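See structure below.
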Amino acid sequence: MAAGSLTACGGTQVQDRPVQDRPVVITAPTPGAPAVVPPAPVAPAPAAMPAPVAARTWKDFRRQAALRLVQANPNITYTGAPPDPLLAIPVLEVELNADGSVRRIEVMRHPRQAKDTTQMAIDAVRRAAPYGDMRHLPRPWKFAEVFLFDDDRRFKPRTLQDP
């Protein structure tokens, strides 16, 4: 993306620098003024991802989908222990087509704060698609994922937290 390009929302200029190099300035709100929210990290297009493997069980599928989410979104994910407290916990239900492409995404839980993390999670799901041939699994081809966001607006799929 060129440094002078405009985003679709409001004509804001996007800088061509890695997320970790961008300064984040948080100012204390003045009485009666809205709080300033730090900008959400922008995930670059992922490198070519390997073709997904057709999973035989829903447990295998969910783990593979969670790993694809991390692989497709390397700059906005983490794999270590989630912090306490978490910034936000959006929950999405993803419905897939037979080829593993995303058919529909439903928000099952919106976080109370950091509401922008819901859209970040939706975008991350779309970047990780396709998820592989679904015809080996029983219908409906839906799965839910919980996104554990830290204060840096990076997420970990809850599925990867389970043993």
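The values are calculated or read from the model by the stated rules, or taken from the named source; none is laboratory data. On a predicted model such as this, the values are computed, not experimentally measured, just so you know. Glycine also receives a Cβ, built like all others from the backbone with ideal geometry; neighbour counts cover every protein chain displayed.
Please work out if Gln119 is modelled with pLDDT under 95 and of a type in the set (S, T, N, Q). Considered against the rule, which asks whether it is modelled with pLDDT under 95 and of a type in the set (S, T, N, Q), Gln119 comes out as no. Just so you know, in the range 59-81 the residues that are farther than 28 Å from Leu137 by Cβ and not polar (S, T, N, Q) include one that is surrounded by the most Cβ atoms within 10 Å (Cβ to Cβ), and it is Tyr78. The set of residues in the range 77-101 that are touching a residue at least 40 places away in the same chain (Cβ under 8 Å) and under 21 Å from Gln113 (Cα atoms) comprises Thr77, Tyr78, Pro82, Pro83, Leu86, Leu87, Ala88, Ile89, Pro90, Val91, Leu92, Glu93.
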